[in-house]
Amino acid sequence: MPRHSVLRQLLDSVPGRLGMAALVLLTLSSVYVIATYPSDFGTARWSNPAVWADNPRSVPPAWTNLLGEERRPVHQVVTSPEPASIEPLGPAQLRTFEMPFRFDADEPPSLLSFTLLEVAYSVRPPQYALVLHRPDGTSVALAREAVGGPRPSEDSPFVRYRETPQRLLLSGSARLSEALPALYEESYGVSVDQEVLRARPLQALFGAPSVSGGVEPLRGEYLLEARFTVADEGDRISSMRVVVGGAVFGVFGTDALGRDLAEGLLFGLPIALLIGVLASTLSTAVGTTFGLVSGFVGGRTDLVIQRVADVIANVPVLPLLIFLVFLLGSQLWLILLILVAFSWPGLTILVRSMVLPLRTSPEVEAARTLGASTSHIIWRHVFPHTAPYVFAQLIFFAPGAILAEAGLSFLGLGDPSLPTWGQILEHGFRTGAVFLGYWWWVVPPGLLIVLTALTFMLLALGMETVVNPRLRQP
Amino acid sequence: MTLLTVDDLHVSYRSSGGEVRAVEGVSFELAGGGEALGLIGESGSGKSSLALALMRLLPKGATRKGSARLGDLDLYSLSSERFRTLVRWRELALVPQSAMHALNPVLRVGDQVAERIVLEGVPRRDASRRAAALLERVGLARGVAARYPHELSGGMRQRVLIAMALALDPSVVVLDEPTSALDVSIQAQIMNLLKELKRERGISMLFITHDLALASDLCDRLAVLYAGQVRELGGADEVLGAPRDPYTQALLASIPRLHGKERPSFLPGSPPDPREFPPGCRFEPRCPVAFAPCRAHAPALVELGAGQTARCWHHQPLPEAAA
Amino acid sequence: MTPSLLRPLLVRAASLLLVLVTVLVLLVVSLGATGFSERMLGAVIGEELRALRISLAETITDPDALEVALAARRAELEAAHGLDRAWYQRLPGMVLRVMTLDLGDARTMRTFDGSNRVADIVLERLPNTALLLTSALLITAAIGLSLGVWLSTRVGSTIDRVVSYAAAISYALPAWWTGIMLILLLSFQLQLLPSGGMHSSPPPEGGLARFLDLALHALLPILTLVLVSVGPYVYVVRTITLGVAQEDHVMLARAKGMPGHVVERRHVLRVAAAPILTGLILGLAGSLGGSILVETVFDWRGMGRLYYEAIVGTPDEGLIIGLTFMFTLLYVSARMILEVLYVLLDPRVRYGDAAPLRS
Ligand SMILES: Nc1ncnc2c1ncn2[C@@H]1O[C@H](COP(=O)(O)OP(=O)(O)OP(=O)(O)O)[C@@H](O)[C@H]1O
Ligand SMILES: [Mg+2]
């Protein structure tokens, strides 16, 4: 059967079309991920706690706000690479950076932090003050700091915070607990319970006195202003950001380390596809080759291949997979290799049984009389007859490989340098996400595994009538 | 005495490329008491479809028109339950086309013959004995009843199927190419067996084959089928001795003769696509003697005397338009 | 049993034995080549020497003499365990050790009565795994058969299409994730069933109550295993039955006038039984793998959960080797039972006819 007609039949069936559409979608998303993610994403980003320090831990996705009555604060990160204004102060300068954000939740943010990236100065370290302007016109001074001074042996220009950015946790600062009572007394003429101010400073910072005597949320536009005094106009302040910690985060929420699950889940996609496609291509190639050779060459070769295939086909795969990966190390390529090593025999046995009658077919006899070489005969006159089955198997192997890797990851044997869906789930399971009800951590990765595997299953289902014409509708 | 009457039978299948008209307006009669009618046709001419239609065994997607009577039973108006109990195997038995696959692979062949006898209320033991006797009658050794189909050769399986068909002494047996998968010597043995059975038991037979010579050996009358239609119908001697239809003539000419002078001539081309028959005579594209009217007008089956009928414009008045 | 039945069974037993031997060899070769066996034997010797030191210390007071005695004993033990030879020369001994589960002591795991020997721990867990696996397998087979056969008469209908999609989804479901979803839904949301473990604590008094308690705890794991394997199985049964129903011998049985239910039973199901059983055999390895993961999720104290416990935290090689071997043994035994059934069902294999194990 010519290949294009296989494809046409595949696209003729509903599951085939669905599967094809899903495959295209998955492939495009994978291409996007590969193009935009750093190659060392796993080690440099995903497994690096410093990257996720500002994120809230184990919080649900932002869209859950739409479901409940209560509005919880959304996680926001506001950066400011350029000063909003520059005022000369003699030889020095006052540079003002503005970081506006909106707060309209029922509970205060979970944290407020300020991060300063690379700074370079020639003589005196810049100084800066952070002031929060609130929607009702009041403002609070949150910090007054200086960039680290020159060290004895150092030469100008002095560069700071290049490797590790300077991070100030504003919500826990001593200055805040001093500034808040002053704010409430001066602006509203009320004194708020010291305990509230001390224990939940952010509630007071993002709130105003209520009629009943407590503190209620103050919703509206906030602005964090960073005023830098630099001694020399050549001094450089590259960029900064403020993090308003949310109780909900992004599209997929965060895990117990504050990692953005969306990022990890997206990264898992090309990995899953890679596993599926590579494992199935390799085992199909190996299986078909052995099957063709075994069936066509016959004799001792056939006997050996069939014996080996028979044994391997009857080995319980997962225990051995666990054992070998445990022993040899959890590297993805190794897992793939072992998967392939255990999954080729089925196809070999099938292809061989199809090749046997072909060996003496008129077509092959004719080619032989014409002096065609064995490899030519196998490739041109034998393989094409087995092609639809081989193609179906190719599709069918993929979900198995994806599920096997996920299972292995779930047992803690995943490749630690490449986060996969299985590993995200395993981490969730091990840290009790299931029992704490962190559904956003355990539902999506599994669902993605199911969808990816299902994509291939639908394609296989679409192939059914190609492989088994008896099932075709009259 | 006419036993089986088939009148204007049509069978068509739904398929991906359109409607397949497998049988179109076939009529014939078969006398009781041991007459054999040969149904001859190339592969795809609708022979098996005809047989299945008689047994009411057409697959789901198939449609059937026309009527068939067996004695005083109208085969197509009986309820399916009454058809099963009254007609199947009691009156009408079948020897199916593929002896290799027609037997249940996991039952002993004796039991497969006996199971239908048991259904008639005969005790198991007696039924087995009768089955063993039938198997012996068709020339199989005693032990065969206890064997499984895969242990038997093609010829042996064919004999089992014939024995099975005899289980309830039916009045008509439909034999669908009973010998086409066998080698020539076995084929001859089976044919001799059929001739004996016909004589000795007075069973009428509908003998389906693509082999004219084989049919002439057994049958009293012959019907030649082409593209779902009867081309010629008549006594075996008449049809073979003086064929009137060009298709029958071509078939005869293609049989190699041991002592003849002429060399066998093969019929060029292939039968028309059953989804798109030509508008005129269906044999016209391959016919050596076709002339103008054949292309546009379909000939009818006409009586040519002595019970012989043929479907050819050479033997009937031309249609008005063409004349 | 007639000789004609015995022969194909022996052939199958031999090939399964070959599987077992291959796995064993694979185990010990990889253990030897990666240096694991050396470390393992070293630990066994160390254990023995420590015990010896304590007992010797009572009789020998001179520390030097004690060291000499211990060193002598060490050399003796190393020779006895073959540590003085290359790993490939130790293979036969290792094979024997694995087969008898003589794999030393577990690091932290204990049996119920406190034994820390690998053999005791693994064997204590075996019945729990077998219980889970067989119940799931039987239920899957029962549902698969009845639903599949019923569907085969409705090929092309809406319900048939729905089931084929459901089968695809069922195949695509990872067992462990399905288990987690069931826990989230049935244990936490609806609070219907226990989320894990094998018994309530404290376990109820009385035999029947204990059994019911166990059954209650087994419900979710079994449901999970059935959910992930029944879909493909229904589909396989449906396709095989459909194939058989379209065969010529069924048509002949109808032509004979056999009543519908006889045709169905004797000429369709009886013939389909062997390939359907093959489907079950092929699914066995998958179920076994599924049970490893499902036990982990539900904290079911079987061999699968033990795997997990031996992997996370401080890895315990002895347990992992023992479990791998026991799982293979369990699989091979289950296979053998099914193979016996197969030979009984299909007369074609009884006479050495080349009816393949796989379709
Ligand atoms: N189930 C079916 N569905 C669709 N078309 C069918 C079916 N069975 C037969 N046909 C078509 O009907 C026509 C007649 O088939 P039939 O089997 O009756 O031929 P035949 O004369 O018995 O041929 P042969 O000698 O090869 O057995 C053929 O064109 C065939 O392709
Ligand atoms: Mg036919």
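The values are calculated or read from the model by the stated rules, or taken from the named source; none is laboratory data. Note that this is a predicted model, so its numbers are computed, not measured. Counting neighbours? That spans all protein chains shown, and the Cβs are built from the backbone with ideal geometry, glycine included. With ligands, DNA and RNA removed, areas are computed over all heavy atoms of the protein, side chains included. Shrake-Rupley method; radii C 1.70, N 1.55, O 1.52, S 1.80 Å.
How many residues are in contact (Cβ under 8 Å) with a residue 12 or more places away in the chain and within 26 Å of the chain's Cα centre (by Cα) if we restrict to segment B:126-152? Write out each step before concluding.
Keep residues of segment B:126-152 that are in contact (Cβ under 8 Å) with a residue 12 or more places away in the chain, which gives B:127-128, B:130-132, B:134-135, B:137-140, B:144-150, B:152.
Retained after the next criterion (residues that are within 26 Å of the chain's Cα centre (by Cα)): B:131, B:134-135, B:137-140, B:149, B:152.
Count: 9.
Taking into account only those residues within segment B:59-77 that are within 14 Å of chain A (Cβ to nearest Cβ) and open to solvent by 50 Å² or more (accessible area, probe 1.4 Å), which is nearest to ligand 2 (Cβ to nearest atom)? Steps first, answer last, please.
Taking segment B:59-77 and keeping what is within 14 Å of chain A (Cβ to nearest Cβ), we get B:59-63.
If we keep only those that are open to solvent by 50 Å² or more (accessible area, probe 1.4 Å) too, we end up with B:59-60, B:63.
Working: B:Pro59: 13, B:Lys60: 19, B:Thr63: 19 Å.
Filtering segment B:59-77 for residues that are within 14 Å of chain A (Cβ to nearest Cβ) and open to solvent by 50 Å² or more (accessible area, probe 1.4 Å), the one nearest to ligand 2 (Cβ to nearest atom) comes out as B:Pro59.
What residue, among those in segment B:2-35 that are open to solvent by 40 Å² or more (accessible area, probe 1.4 Å) and in a loop (DSSP other than H, G, I, E, B), is nearest to B:Val172 (Cα to Cα)?
Ranking the candidates gives B:Gly33 first.
So which residues in segment B:2-37 are within 16 Å of ligand 1 (Cβ to nearest atom) and among the polar types (S, T, N, Q), if there are any at all?
Step one: of segment B:2-37, the residues within 16 Å of ligand 1 (Cβ to nearest atom) are B:6, B:9-26, B:28, B:37.
Answer for segment B:2-37, where residues must be within 16 Å of ligand 1 (Cβ to nearest atom) and among the polar types (S, T, N, Q): B:Ser12, B:Ser15, B:Ser16.
Can you name the condition, by its number, that A:Glu216 falls short on among (1) over 13 Å from A:Ala105 (Cβ atoms); (2) free of Cβ contacts under 8 Å to residues at least 24 places away in the same chain?
All conditions pass for A:Glu216, except number (1).
Which condition does B:Asn192 not pass, out of (1) within 16 Å of ligand 1 (Cβ to nearest atom); (2) assigned to a helix (DSSP H, G or I), if it passes all the others?
Failed condition: (1).
Please tell me if B:Leu194 is within 16 Å of ligand 2 (Cβ to nearest atom), hydrophobic (A, V, I, L, M, F, W, C) and over 12 Å from the mean Cα position of the chain (by Cα). Spell out how you get there, then give the answer.
Details: within 16 Å of ligand 2 (Cβ to nearest atom): no; hydrophobic (A, V, I, L, M, F, W, C): yes; over 12 Å from the mean Cα position of the chain (by Cα): yes.
No, not satisfied.
List the residue pairs whose Cβ atoms are under 8 Å apart, where the first residue sits in segment B:40-52 and is more than 14 Å from chain C (Cβ to nearest Cβ) and open to solvent by 40 Å² or more (accessible area, probe 1.4 Å), the second is more than 9 Å from ligand 2 (Cβ to nearest atom) and in a strand (DSSP E or B), and the two are 6 or more positions apart or on different chains.
Short answer, once both residue conditions are applied: B:Glu42/B:Tyr226.
What pairs come out if I take residues in segment A:438-457 that are in the same structural domain as A:Leu18 (by TED's automatic domain parsing) and pair them with residues that are buried (at least 23 other Cβ atoms within 10 Å of the Cβ) and of a type in the set (Ser, Thr, Tyr) whose C-beta lies under 7 Å away, six or more apart or interchain?
Pairs found: A:Met457/C:Tyr171.
Given the criteria assigned by TED's automatic domain parsing to the domain that holds A:Phe206, of a type outside the set (Asp, Glu) and free of Cβ contacts under 8 Å to residues at least 12 places away in the same chain, does A:Ala143 qualify?
Details: assigned by TED's automatic domain parsing to the domain that holds A:Phe206: yes; of a type outside the set (Asp, Glu): yes; free of Cβ contacts under 8 Å to residues at least 12 places away in the same chain: no.
The answer is no for A:Ala143.
Looking at segment B:101-113, is at least one residue more than 16 Å from ligand 2 (Cβ to nearest atom) and within 30 Å of B:Glu232 (Cα to Cα)?
If we filter segment B:101-113 for residues that are more than 16 Å from ligand 2 (Cβ to nearest atom), which is where we start, we get B:103-113.
Within this subset, residues satisfying the condition of being within 30 Å of B:Glu232 (Cα to Cα) are none.
No: zero hits.
When you scan segment A:397-420, how many residues do you find that are farther than 12 Å from C:Leu293 by Cα, facing chain C (nearest Cβ under 10 Å) and over 18 Å from the mean Cα position of the chain (by Cα)?
3
I need a count of the residues in segment B:38-52 that are under 25 Å from B:Leu78 (Cα atoms) and more than 9 Å from ligand 1 (Cβ to nearest atom). Reasoning before the result, please.
As a first pass, look at segment B:38-52 and keep what is under 25 Å from B:Leu78 (Cα atoms): B:46-52.
If we keep only those that are more than 9 Å from ligand 1 (Cβ to nearest atom) as well, we get none.
Selection size over segment B:38-52: 0.
Does B:Leu206 satisfy the condition of being within 16 Å of ligand 1 (Cβ to nearest atom) and within 14 Å of another protein chain (Cβ to nearest Cβ)?
Yes, satisfied.
Looking at B:Arg147, B:Arg157, B:Arg231, can you tell me which residue is away from ligand 2 (no atom under 16 Å from the Cβ) and away from chain C (no Cβ under 14 Å)? Explain how you work it out, then say what you get.
Details: B:Arg147 fails: away from chain C (no Cβ under 14 Å); B:Arg157 fails: away from chain C (no Cβ under 14 Å).
Going through B:Arg147, B:Arg157, B:Arg231 in turn, the sole match is B:Arg231.
In segment A:310-341, what count of residues is obtained for those that are closer than 25 Å to C:Thr278 by Cα, at the interface with chain C (Cβ under 10 Å from one of its Cβ atoms) and either open to solvent by 20 Å² or more (accessible area, probe 1.4 Å) or in a helix (DSSP H, G or I) (or both)?
Count: 9.
Which of (1) open to solvent by less than 50 Å² (accessible area, probe 1.4 Å); (2) under 25 Å from A:Met99 (Cβ atoms) is the odd one out, the single condition A:Ser187 does not satisfy?
Just one mismatch for A:Ser187, condition (1).
How many of the residues in segment B:178-191 are within 16 Å of ligand 2 (Cβ to nearest atom) and at pLDDT 90 or above?
Taking segment B:178-191 and keeping what is within 16 Å of ligand 2 (Cβ to nearest atom), we get B:178-182.
Narrowing the set further to residues that are at pLDDT 90 or above leaves none.
Count: 0.
Considering only segment B:1-58, state which residues are of a type in the set (Val, Ile, Thr) and within 13 Å of ligand 2 (Cβ to nearest atom). Explain how you work it out, then say what you get.
Of the residues in segment B:1-58, the ones of a type in the set (Val, Ile, Thr) are B:2, B:5-6, B:11, B:20, B:23, B:26, B:40.
B:Val11, B:Val23, B:Ile40 - these are the residues of segment B:1-58 that are of a type in the set (Val, Ile, Thr) and within 13 Å of ligand 2 (Cβ to nearest atom).
So, restricting to helices (runs of 4 or more DSSP H) that lie completely within segment A:366-474, which ones have at least 3 residues that are under 30 Å from A:Ile349 (Cβ atoms)?
Values: elements: A:374-377, A:383-410, A:421-430, A:433-436, A:439-462, A:464-467.
Answer list for segment A:366-474: A:374-377, A:383-410, A:439-462, A:464-467.
Picking from C:Gly35, C:Gly42, which residue would you name as being open to solvent by less than 40 Å² (accessible area, probe 1.4 Å) and more than 14 Å from chain A (Cβ to nearest Cβ)?
Working: C:Gly35 fails: more than 14 Å from chain A (Cβ to nearest Cβ).
Of the residues listed, the single one that is open to solvent by less than 40 Å² (accessible area, probe 1.4 Å) and more than 14 Å from chain A (Cβ to nearest Cβ) is C:Gly42.
Where in segment A:105-211 are the strands (runs of 3 or more DSSP E), entirely inside, with at least 2 residues that are polar (S, T, N, Q)? Working first, answer last.
Details: elements: A:111-116, A:119-121, A:127-133, A:139-146, A:158-160, A:166-169, A:207-209.
The strands (runs of 3 or more DSSP E) meeting that bar are A:111-116.
Return yes when C:Met181 is without any contact (Cβ under 8 Å) to a residue 12 or more places away in the chain and within 14 Å of chain B (Cβ to nearest Cβ) and no when it is not. It would help to see each step written out before you state the result.
On the way: without any contact (Cβ under 8 Å) to a residue 12 or more places away in the chain: yes; within 14 Å of chain B (Cβ to nearest Cβ): no.
For C:Met181, the condition - without any contact (Cβ under 8 Å) to a residue 12 or more places away in the chain and within 14 Å of chain B (Cβ to nearest Cβ) - is not met.
For segment A:230-245, name all the residues that are part of a strand (DSSP E or B) and surrounded by 17 or more Cβ atoms within 10 Å (Cβ to Cβ). Break it down into steps so the answer makes sense when it comes.
From segment A:230-245, those part of a strand (DSSP E or B) are A:230, A:236-237, A:240-245; that's our starting set.
Across segment A:230-245, the qualifying residues are A:Val230, A:Ile237, A:Met240, A:Arg241, A:Val242, A:Val243, A:Val244, A:Gly245.
In the list B:Leu135, B:Leu140, which residue meets the criterion of being away from chain C (no Cβ under 13 Å), within 17 Å of C:Leu252 (Cβ to Cβ) and buried (at least 20 other Cβ atoms within 10 Å of the Cβ)? Give the steps one after another, and end with the answer.
Working: B:Leu140 fails: within 17 Å of C:Leu252 (Cβ to Cβ).
Going through B:Leu135, B:Leu140 in turn, just one is away from chain C (no Cβ under 13 Å), within 17 Å of C:Leu252 (Cβ to Cβ) and buried (at least 20 other Cβ atoms within 10 Å of the Cβ): B:Leu135.
Can you pull out every residue in segment A:444-474 that is at the interface with chain C (Cβ under 7 Å from one of its Cβ atoms) and at pLDDT 80 or above?
If the condition is that a residue be at the interface with chain C (Cβ under 7 Å from one of its Cβ atoms) and at pLDDT 80 or above, then A:Gly446, A:Ile449, A:Val450, A:Ala453, A:Leu454, A:Met457, A:Leu458, A:Leu461 are the ones that fit.
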